[in-house]
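Below: one structure, written as structure tokens.
None of the figures in this text is laboratory data; all of them are computed from the coordinates on show. Just so you know, these numbers come straight off a predicted model, no measurement behind them. Please note: Cβ atoms are built from the backbone with ideal geometry, for glycine as well, and neighbour counts cover all protein chains shown.
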There are 2 protein chains.
Amino acid sequence: MSDKAVVLLSGGLDSATVLAMARQAGFECYCISFDYGQRHLSEIRFAEQLAVILGAVRHNTVQIDMSGFVGSALTDPSIEVPLDVDAEDIPVTYVPARNTVFLSYALGYAEVLDARDIFIGVNAVDYSGYPDCRPEFIQAFESMANLATRMAVHGRSVRVQTPLIDLSKQEIIRRGIQLGVDYALTVSCYQLDDDGKACGRCDSCRIRRDGFAEAGVADPTRYV
Amino acid sequence: MSDKAVVLLSGGLDSATVLAMARQAGFECYCISFDYGQRHLSEIRFAEQLAVILGAVRHNTVQIDMSGFVGSALTDPSIEVPLDVDAEDIPVTYVPARNTVFLSYALGYAEVLDARDIFIGVNAVDYSGYPDCRPEFIQAFESMANLATRMAVHGRSVRVQTPLIDLSKQEIIRRGIQLGVDYALTVSCYQLDDDGKACGRCDSCRIRRDGFAEAGVADPTRYV
């Protein structure tokens, strides 16, 4: 029997690649997507489809009420998503403690499944400068997780696997293509429209488009 | 201006005492209760009332979908709440990663408020043996939190305050009574009925009742 893994799947390019990598490594994958009031809610439809196509055992969409977390352009429609971001600063699309909340939920789910591995597509190279994408954060989360649960008390530790952490966007894309990921079925845009079309102008669209260009792969994204 | 604090408030004896302690320490308190499908949902009504009476600035109830977390007697009605618990084991009322999820959410809320303090009523003495009530878990959470957020990157650290951690139940009760907490307005039972009456038989009821007896204080709990 294969080992089980929890895979955080947003419907984006990175997490789709992570799911393909976890499958290739032989894991039975249990995927979670979060509906946290993000603008780009239609990404969840992409996640559901990706989970099936990439051979996950199950996909759950979890409602998390982050309406108290005003102040992020990803959840507050009154804040404009910026088209250009200063690489030195943390952008307004940052959602406070988002990866901490997502990983905490994944930890509970891992314990229920008796899974030892949690996969998350964080990346410290071509990313938006979020503090909760850094390797030191992931390591600290893992240390905490290994004190938090019944399985930890019983000596079963959890690993937070971040196979993309040191890859550039073009390397991620090349890896995914080797594994057969159809990136036309993924979305990255922060302000995706209801038909799943990308704006082509936000920070996330820009990083994605540059990635395809640098990988020498045709960009399959549907833009508005 | 007072400093702001996020206070996790369940409606129970412990968290009510914590709120009173945070108020006495001069904090402006922003309380959160979680509706996570627990049996004892009526505790949230107690929490709302306590927040007002104990002078919190705000109280939010947050919906968190833990329906995937089968296997706990607190969320799964098909599992019986045990009446007696072996002190050496982790009981079936344990909810996987519950305090991790709650604290993660509190961390995001703290960042939005620019609050540096999060109060939680965990206790490592008269408790039910949950791994996420131990001091080493709290310390690890705090270390992780101080890498997770924008405020951490900007040098503002967060403290997870656990003023009850080393107190026995009777000490908690004595302290709360000094601070004017009306424990008739708190609930501890794992299987509270719709009128807010306690079963008087579960582990949590037993610890609470013994606490009042040992503190030499009349037990104001309404039992079925």
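The figures follow:
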{"quantity": "Hull volume in cubic angstrom per residue (convex hull over the Cα atoms of chain B)", "calculated": "115 Å³"}
{"quantity": "Calculated from backbone phi, Karplus (6.51, -1.76, 1.60) coupling profile of the range A:26-32 in Hz, x at Gly/Pro", "calculated": "x, 7, 7, 9, 10, 9, 10"}
{"quantity": "Residue among A:I64, A:I138, A:I165 with the largest mean-square fluctuation in a Gaussian network model of chain A, springs linking Cα atoms under 10 Å", "calculated": "A:I64"}
{"quantity": "Only Lys, Arg (+1) and Asp, Glu (-1) charged, at Cβ; chain B dipole about Cα centre in debye", "calculated": "640 debye"}
{"quantity": "Amide H contacts under 5 Å for B:D35, placed H, 5+ residues apart", "calculated": "B:V62, B:Q63, B:I64"}
{"quantity": "Long-range HN-HN contacts of A:R159 with modeled amide H, under 5 Å", "calculated": "A:D117, A:I118"}
{"quantity": "Whether the range A:114-191 is rounded, prolate or oblate, judged on the alpha carbon gyration tensor where a/c under 1.5 counts as rounded", "calculated": "prolate"}
{"quantity": "Value in Å of the Kirkwood radius, where the protein assembly as shown supplies the Cα pairs that are averaged", "calculated": "22.8 Å"}
